[in-house]
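Read through the structure below, which is laid out as structure tokens, and then see the notes.
The values are calculated or read from the model by the stated rules, or taken from the named source; none is laboratory data. Nothing here was measured: the structure is a model prediction, and the numbers come from that model. Heads up, the Cβs are rebuilt from the backbone with ideal geometry, glycines too, and the neighbour counts pull from every protein chain shown.
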Amino acid sequence: MAKRDISTGLFSEAGAVAARILVVLLLAALVLILAKLFAVQNATPVTVWVYNWTLASTLAFVMLLSFCLGALVMALLFLSFYLRSKFRKRAVPQGQRQGEPPAGPANSTPETDIKI
């Protein structure tokens, strides 16, 4: 029976996975620290009125909410353009996709017009 190498050094597979997890955790901690600093510096209370709807919260929350809503709108627009282009590609006849000219009266020549 062959002996398995179960080393946990930095250059082994387990060490590489552990190093990636450590880097991700450090980046997440940095993002959380920056988000906390942003929230503390923008703790001014604000009131937002949209027609009859009112939101009273901190400036940081209102900015975060508007960013998330903008990202959602952009994702929905991208999705609609993507689906529209996908359906247009499906609507093209099979022969035309492969470089053949489209079939129809404009490209067909009647046999009576053949000149020799």
If you check every pair at least six apart or on different chains, which have Cβ atoms under 6 Å apart with a residue in region 42-63 that is touching a residue at least 24 places away in the same chain (Cβ under 8 Å) first and a residue that is not β-branched (Val, Ile, Thr) second? none
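With respect to Val46, is the statement that it is β-branched (Val, Ile, Thr), in a helix (DSSP H, G or I) and either within 27 Å of Leu32 (Cα to Cα) or modelled with pLDDT under 90 (or both) true?
Numbers: β-branched (Val, Ile, Thr): yes; in a helix (DSSP H, G or I): no; either within 27 Å of Leu32 (Cα to Cα) or modelled with pLDDT under 90 (or both): yes.
So Val46 does not fit the description; no.
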